[in-house]
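Reviewing the structure listed below.
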Amino acid sequence: MCDQANIVLAICDLANTILAICDPANTVLAICDLANTVLAICDLANTVLAICDLANTVLAICDLANTVLAICDPANTVLAICDPANTVLAICDPANMHMPNQL
């Protein structure tokens, strides 16, 4: 799907299903499933910054190495903060107050 300057705005499969959404520099900004649901949000280097569920809810926030830094609930509240090994460092309440690790 292109604009009038032939800039790619979306990458589609053979059924015209949107697989990725792009900015004017053809950078992938979001990765979609076959129902056009956003599964991942990317930065300008195509690095996954967030992983989403089928309702476009952010389930996890990632760093530039795709390491999960935080796990979120459906209201995008941070439930857990992780280190680069995906180890839970802190469990949070709905107000993002860090609570003692209860694992």
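Read-outs: derived from the displayed coordinates by stated rules, not from any lab. The structure displayed is predicted, hence computed values, not measured ones. Neighbour counts are summed over all protein chains in view; Cβ atoms, including those assigned to glycine, are modelled from backbone coordinates with ideal geometry.
Spin-label model, THR47/LEU89: points 7 Å from Cα along the beta carbon direction are separated by 1.6 nm. Charged side chains reduced to their Cβ positions (Lys and Arg at +1, Asp and Glu at -1) give the chain a dipole of some 40 debye around its Cα centre. Of (i) 17, 17, 15; (ii) 32, 14, 10; (iii) 24, 17, 15, which one was derived for semi-axes √(5λ) of the Cα gyration tensor in Å from the structure shown? Calculated semi-axes √(5λ) of the Cα gyration tensor in Å: the matching label is (ii). As an equivalent ellipsoid, segment 43-97 spans semi-axes of 18, 15, 7 angstrom, where each value is the square root of five times an eigenvalue of the C-alpha gyration tensor, largest first. Within the shell of other residues whose beta carbon sits under 11 angstrom from the beta carbon of ASP63, the net charge comes to -2, with Lys and Arg scored +1 and Asp and Glu -1.
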